[in-house]
Amino acid sequence: MQFVKSTCLAIAAGAATLALSAGALPKVVSAEEIVIRMAAPDWPPTRFMQEEANRSYKAPSGNDVRLELDFIPWGNFYERVAASLTSGEQKYQMIVTDSQWLGSFIEGGYYMKLNKFIDADPELQALMEDLHPALVAAYSTYPHKSENYYGFPQMPDTMVTWYRKDLFCNDAERAAFKETFGGTLPCSYEDWENVDWKAWENIGNHFRRAKGDKLGDGVADDDFYGVAYQASKTYDFSTMQINAFFWQWGGGIWDETKEPEGKAIGVVNSDANVAGFERYLDLLKLAPPAYKTGQMGIFEIQDLFMQGKVGAIIDWVGLGEPVLDPKTSQVSDKVAFGVTPGKRGSDGKIERWANIGGQPFVLTTWNSDTVNQEALDIVKWWLSEDTQIKFAKNGGQSGLKSVMAMDEYKTFRPWNQAHVAMLPWQRDVWHIPEFFELLTQQQEEFDKAITGQKSAREALDAVATFQDDILREAERIE
Amino acid sequence: MSHPTEPQGFVGWLLSPERRGALLVAPAIFVLFVMNIFPLMWSFGLSFFNYRANRLTVPSFRGLYYYERVLTDPVVWERFQTTAIIVGSSVLLQLIVGFLLALLFERAFPGRRILLMLVLTPMMLSFVAVGVFFKLFYEPTFGLLSQFVSVFTGEPYAILATPTSALIGIVVADAWMWSPFVMLLVLAGLVSVPKYLYEAAEIDRASWWRRFRTITFPYIKSLLLLAVLFRTIETFKLFDIVYLITEGGPGSSTETIAVYVYRLAFQFFRTSQASALAYILLFVVIVLTNLYLYGVQRRSQEL
Amino acid sequence: MLRRRQIGKAGWGWSLFAGVISLIYFFPVLWIILTAFKTRADTLATPPKLFFTPTLDNFVSVFSRTMVGGQEAIDTGFGLFFFNSIFIAGTSVLLALIIGTLAAYGFSRYPLRGNDTYLFIILTTRMLPPIVVIIPIFLMFRITGLSGTYFGIILLYTAFNLPFSIWMIKSFFDELNREVEDAARMDGSSERRVFFRISLPQVTAGLAATAVFALILTWNEFLFALLLTGTETRTVPVAMGRTIGGEIGVDYGLLGAIVSLFLIPVFVVTFALQNQLLRGVTFGTIRK
C-alpha cells in the first residue's frame, strides 16, 4: 500500500506543477480585491445581472469587488451545480437556484441560512418586508413557510395567458363566437379577467381550424388550434400546470408544512384532484398534436404560438421576450397578455391558483465573513429600486412590492400587469430533499395519463402510493 | 545495427526481453489506473455505505443492503428490459445497415471517396445535435416525418406518442448515427481480401453464400467481432439521445438503465444505491461480453 | 470463355446507385447544415422549405451575440472554445495512439501471464455509465488541482480513448504475418527495427481507423467537458448546450451553425486519412 500512496503523491505533485504551468490556480483573494463567483443559468435575466454589475456596481465597503457569473447552459445547470456542491468543489460564493432545490442543498450543508445577517441589518429587514410574501415563502424559506431565510429573488416568474389580439379582437370571429357559444371572445385585458376554463374550452373549440379554413380576416395556412398549455415529461413541466388544476379544484399536493401529520394517500388521489386532473386532460385534447407525445413543454408551446399555430397559450413571462422579437416570432405585433383562466366558484369568483416559477439566488456556506458581507451588499444592490427598475425595463421582473406598485411598472413590458395580478395566486411545489424523486415519478405517471396509457385516477393512485412510501421512508409521514 | 551492446545494470534489467511486454503496456496501465481505477474503486466502496450527497449525516456501513435493494427493485428490471430491447434492435440494425453500406463501398467507382465521406458524417455529429434535431424531425407539427406522412394520410403523425413507435424512433436515431462505425470496420476487412481468392472462387463457380462464408467472412470476422462488442458496450450506456428525444417517455417506455442510474445518482441523490446498480450493470455487461467472446471463440474453432 | 465479372471495379451505374443511397443517408445532416442558413421562421416552416433565402446571421451569432435587448453584441468566446476542442482532442488522440500502440504491440507480441484478463479489465473501464464515476473524478480533479486545466482533461480523454485504441490496434497486429518479423529477426534486425520498419507500417490502416474513431468520440464528448473544464478550457460541445433551453427552447439556426463549423475539422481529418482507411489490412501473403 505504501507504494500506491507514494505514487499517488507523486502524481498529485506532478499534476499540481502542470496545473501551475497551465496558469489555472485559483485567484488569490486579498482584502482589496474580492471576486464573488455565482453559478447562473445562461439566459437574459442573469446576463443582464452581469452586464449591469459591470456597468454600475461599486462596493460600498470600498473593496474592489467583482461579481463574476459563471454562465452554464440551462439544460445542464442542475448537473453542474449538483456536481460542484456535492463534490465539495467550493467554487461558488453565490448560486442561482430553483426553489425546489432548496431542501436538497440546505440539508446537504451547502446553502447558508441568513437569519443572523438579516437580524443584524435593518436594510435587509426592510428588503424582506418589501418582497412579495408569495416570493419570500417560495424562494427563501426552508422548511417551507418557516422563519428560516435563505434566498432572494433573482428572477420571479409566473405563468400568464399569451393570446393573439388580431384574432380575439376580430369582429367576424367575435360575432361567430357569440353565435355559437353565447359569450364574448376575450379581447381586452379586462375580458381575460373573466375567462374560466369553460370559456377556455369554448375558445379552443371555436378556433380549431383545418388548413385552408377561414381564420380572422384571412385563411389558415396550416392546421390551427385555439388553446394549449404545457404537457411534458421534461423536468417539472406537466406538474407546473397540473398543480394549478389540483389547487383550483380544491385538492392539493402533499403538504410539507403539515409534516408529519400531512398525508399523501387520500390527498394526492382525492376526488377533487382526480376531477381537476381529468379536466386538465380533457382541455389538453384541444391542443396541437404535440400533446399526444407527452413532449409539449414550455418551449414547444412557445414555438407553436410564435409560428402562428395556436391562438392562446399559458406560459411563463420569463419566455415572453422572444415572442416580441420579429426575428424569432411571426406574431410579434399581434400578441397581448392576460391573467390565466381559473375555476369559477359557486360565488361566481374565479380562482386562479398556480405554481410559481423563477429562481432565487443564495449564498454558500464556505464563505469568509468579508465575502458574506460583500455578497449581501450585492443582494442589496440587486434589490435596490434603481437596479430593479432597470431590470424590469429589460424584460426582468421585480419581486419588490414598492417597485411593482409604481404606475409605470405595468408599462415596462406588456405582460407585467398580468404578472402582478397573478402573484398573489402563486403557491409552490415541495422543497424537501426528496422533491426530485417525488417529481420524477409523478411526471412519469402524469405522462402515462397524458399519452393515454392510464386513466387520471390510476395515475394519481400510483403517485399517492409512491409518495406515501418515499415520505414514510424519509420519516416525513407517520 | 545488429546486436547492439546490451545495456547493463537497472536499465539492462528493465529492458531485458522477458520484461518487454510489461514495459510496453505499463504506460497504458498507468494512465488507466489513475483515471479509471481510482474512481471505480471509490464508487465501489460507496456502494456498501449509506451515503447521500444531500445529507450531512455521517455514512454508515450497510453491507450488501443496496445490492439487495437494487435487485428487488421492480423499476430496475423494467429498465433492464427496455435497455435490452434497445441494445438488441439497435446493434442488429447497425450491423445490417453497416454491412450493406460496406458492400456498397467495397468496389472502386467514380465519386467513391466523396460519397463515403457523406455516409460517415452521422457519427461525427455530437449527441446533442442528433438528439435535438431528431426530436425536431419527429415533432408532429413542424417535423419532417409528420409532414412526410401527412402527405399520404392527411393527418399529422406523432411517432413519439406510443411506447412501441417511440422505441423505434430512438433505435432509428441511434442506429443511423452508428451504422457508419460498423461500416468502416467491415469495409477495412472487405478491402483487404486478396482479389485472387475471389477470382479462384469465380472459376470454381462457388455460390455467393459459399464465397462469403469461406473467403470474405474470415477476413472481416475479427473486425466484425470488435464492432459488435464496442457497439453493444456503448449502446448499453445510451443516455443522451433518449434524454433529449423522449426523456424516457411516453410514460417510462423508453427509459434506459443509464437514464435510471443518472436519476438515482444525480436527481435522487441515492448515491450508494446508484453505485450498487452501476456495479450490477457492470457485472451483467462483463458476463454478457464473456459469453459472447467465448461463443465467438468456440465457433471460430469449429470453422 | 468464362463469364468473368471485373472484381473490385464498378462503373458510373454503381456511382449513381451509391449516390442515391448516400444522399438519403446523409439527408438529416444536410438538413442540419441547411438549418444553419435559415431564419427561425424558415426552420419551422410548414411545409418544410428546401429552398429559401439563405442568411449568415446564425454564423455571426456563433461568434458574437447580443445577450440582452438593446445592449451591444459581446464576444461569445467561440474562437477559444474551438481552439480548445482542437488542442484537447488532438493531443489526447495522439497520446492515446502512441500509448495504445505500444500496449497493443506488447499484448500482441509479448503476452503477459493473464494477458487476456488484463485486456478484459482494460475494456471494463469503458462499460460503466460515466455518470457513476463523475463524482469521484470531480473530487480527484479538485484535490489534484487538475480541474479546469488542459492537462487534466487531456489525461482524462487519453484514458477514455485507450481501451478502445488498444483493442483495435491489437486486433490489427494480431492479423499480421509473424513469419516476416521472425525472418527479419533472424537476419539480425533489432526489436526496434522490427517494430518500426516491419510491423508498424503494416498497420497504418488500423492506426488511421483508430485515430478517426478516437477523434470522433473525444471531439463530441460532453459530460466531462461540462463538469471538468473551466471558462478558459471549455470546449465547443458545452457551447452547443447554450443553444438549448434558454429563453427560446432550441435555437436551431445557431445550433446548426455550430454543428456545421464543428464538423469541418473532423471531416477534413477523416478525408485526409481516407486512403489509409480504404487500403485495408493488406499485408503479407501468408496469413497466420
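The values are calculated or read from the model by the stated rules, or taken from the named source; none is laboratory data. Predicted model, so just to flag it, every value in this text is computed and none were measured. Note that each Cβ is placed from the backbone with ideal geometry, even for glycine, and that neighbours are counted across all protein chains shown.
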* Asked: Of everything in segment C:8-50 that's buried (at least 18 other Cβ atoms within 10 Å of the Cβ), in contact with a Phe, Trp or Tyr (Cβ under 7 Å, 6 or more places away or on another chain) and not in a helix (DSSP H, G or I), which residue is farthest from the other protein chains (Cβ to nearest Cβ)?
  -> C:Lys38
* Asked: Identify, please: which residue in segment B:204-242 is among the aliphatic types (A, V, I, L, M) and outside any helix (DSSP H, G or I) and is, among those, surrounded by the most Cβ atoms within 10 Å (Cβ to Cβ)?
  -> B:Leu238
* To do: Determine if segment B:35-54 includes at least one residue that is surrounded by 10 or more Cβ atoms within 10 Å (Cβ to Cβ), away from every other protein chain (no Cβ under 13 Å) and at pLDDT 80 or above.
  => yes
* Going by the structure shown, is A:Gly395 on the phi > 0 side of the Ramachandran plot, outside any helix (DSSP H, G or I) and surrounded by 19 or more Cβ atoms within 10 Å (Cβ to Cβ)? -> yes
* To do: Check C:Arg193 against each of (1) buried (at least 21 other Cβ atoms within 10 Å of the Cβ); (2) within 8 Å of another protein chain (Cβ to nearest Cβ) and name the one condition it does not meet.
  => (1)
* Hey, can you tell me all the residues within segment B:250-297 that are more than 14 Å from C:Pro129 (Cβ to Cβ), assigned to a loop (DSSP other than H, G, I, E, B) and not β-branched (Val, Ile, Thr)? => B:Pro250, B:Gly251, B:Ser252, B:Ser253, B:Phe268, B:Phe269, B:Arg270
* Spans of helices (runs of 4 or more DSSP H) in segment A:177-283 with at least 1 residues within 28 Å of A:Leu438 (Cβ to Cβ) -> A:197-206, A:237-248
* To do: Evaluate the following for C:Ser108: is it within 14 Å of chain B (Cβ to nearest Cβ), surrounded by 14 or more Cβ atoms within 10 Å (Cβ to Cβ), of a type outside the set (A, V, I, L, M, F, W, C) and at negative phi?
  => yes
* **segment A:227-251, residues that are within 14 Å of another protein chain (Cβ to nearest Cβ) and touching a Gly at 6+ places or on another chain (Cβ under 7 Å)** => A:Gln230, A:Ala231, A:Ser232, A:Lys233, A:Thr234, A:Phe237
* Asked: What about B:Gln81, is it out of contact with any strand residue (DSSP E or B) (no Cβ under 7 Å at 6 or more places or on another chain), touching a residue at least 40 places away in the same chain (Cβ under 8 Å) and either among the aliphatic types (A, V, I, L, M) or more than 14 Å from chain A (Cβ to nearest Cβ) (or both)?
  -> no
* Structure fact -> The condition of being within 14 Å of chain C (Cβ to nearest Cβ), at pLDDT below 95 and farther than 27 Å from A:Asp213 by Cα holds, among A:Pro322, A:Pro260, A:Pro326, only for A:Pro322
* Asked: Can you spot a residue in segment C:230-245 that is outside the structural domain of C:Ile135 (by TED's automatic domain parsing), in contact (Cβ under 8 Å) with a residue 60 or more places away in the chain and assigned to a helix (DSSP H, G or I)?
  -> no
* Asked: Applying the selection to segment B:118-171, what residues are more than 7 Å from every other protein chain (Cβ to nearest Cβ), in contact (Cβ under 8 Å) with a residue 12 or more places away in the chain and under 19 Å from the mean Cα position of the chain (by Cα)?
  -> B:Val130, B:Gly131, B:Leu167, B:Gly169, B:Ile170, B:Val171
* To do: Test each condition in (1) closer than 30 Å to A:Thr46 by Cα; (2) in a helix (DSSP H, G or I) for A:Lys448 and report the one that comes out false.
  => (1)
* To do: Kindly indicate whether C:Ile86 is touching a helix residue (DSSP H, G or I) at 6+ places or on another chain (Cβ under 7 Å), in a helix (DSSP H, G or I) and not charged (D, E, K, R).
  => yes
* On the given criteria, is B:Tyr219 in contact (Cβ under 8 Å) with a residue 24 or more places away in the chain, within 28 Å of C:Leu215 (Cα to Cα) and under 19 Å from the mean Cα position of the chain (by Cα)? -> no
* Structure fact -> Filter segment A:390-406 for residues that are among the small types (Gly, Ala, Ser) and in contact with an Asp or Glu (Cβ under 6 Å, 6 or more places away or on another chain); the one that is nearest to C:Glu247 (Cα to Cα) is A:Gly395
* Asked: Does segment A:300-312 hold any residues that are crowded, with 23+ Cβ neighbours inside 10 Å and out of contact with any Leu (no Cβ under 7 Å at 6 or more places or on another chain), and which are they?
  -> A:Glu300, A:Ile301, A:Phe305, A:Met306, A:Lys309, A:Ala312
* Residues located in segment A:292-319, provided they are touching a Phe, Trp or Tyr at 6+ places or on another chain (Cβ under 9 Å), away from chain C (no Cβ under 12 Å) and either over 21 Å from A:Trp353 (Cα atoms) or assigned to a loop (DSSP other than H, G, I, E, B) (or both) -> A:Thr293, A:Gly294, A:Val310, A:Gly311
* Asked: Which members of segment C:103-121 meet the condition of being small (Gly, Ala, Ser) and either touching a Lys or Arg at 6+ places or on another chain (Cβ under 6 Å) or without any contact (Cβ under 8 Å) to a residue 60 or more places away in the chain (or both)?
  -> C:Ala104, C:Gly106, C:Ser108, C:Gly114
* Asked: Out of all the residues in segment C:83-102, is one or more crowded, with 22+ Cβ neighbours inside 10 Å, in contact (Cβ under 8 Å) with a residue 40 or more places away in the chain and within 7 Å of chain B (Cβ to nearest Cβ)?
  -> yes
* Considering each residue of segment B:186-197, count those that are within 8 Å of chain C (Cβ to nearest Cβ) and surrounded by fewer than 17 Cβ atoms within 10 Å (Cβ to Cβ), and give that number. => 2
* If we keep just the residues of segment A:402-432 that are among the polar types (S, T, N, Q) and touching a Lys or Arg at 6+ places or on another chain (Cβ under 7 Å), which is farthest from A:Ser104 (Cα to Cα)? -> A:Gln417
* **Qualifying helices (runs of 4 or more DSSP H) (wholly inside segment A:73-167; at least 1 residues being charged (D, E, K, R) and out of contact with any helix residue (DSSP H, G or I) (no Cβ under 7 Å at 6 or more places or on another chain))** => A:102-107, A:115-120, A:122-130
* Can you tell me which residues in segment A:433-448 are facing another protein chain (nearest Cβ under 9 Å) and either more than 25 Å from B:Phe269 (Cα to Cα) or touching a Lys or Arg at 6+ places or on another chain (Cβ under 9 Å) (or both)? -> A:Pro433, A:Glu434, A:Phe436, A:Glu437, A:Thr440, A:Gln443, A:Glu444, A:Glu445, A:Asp447, A:Lys448
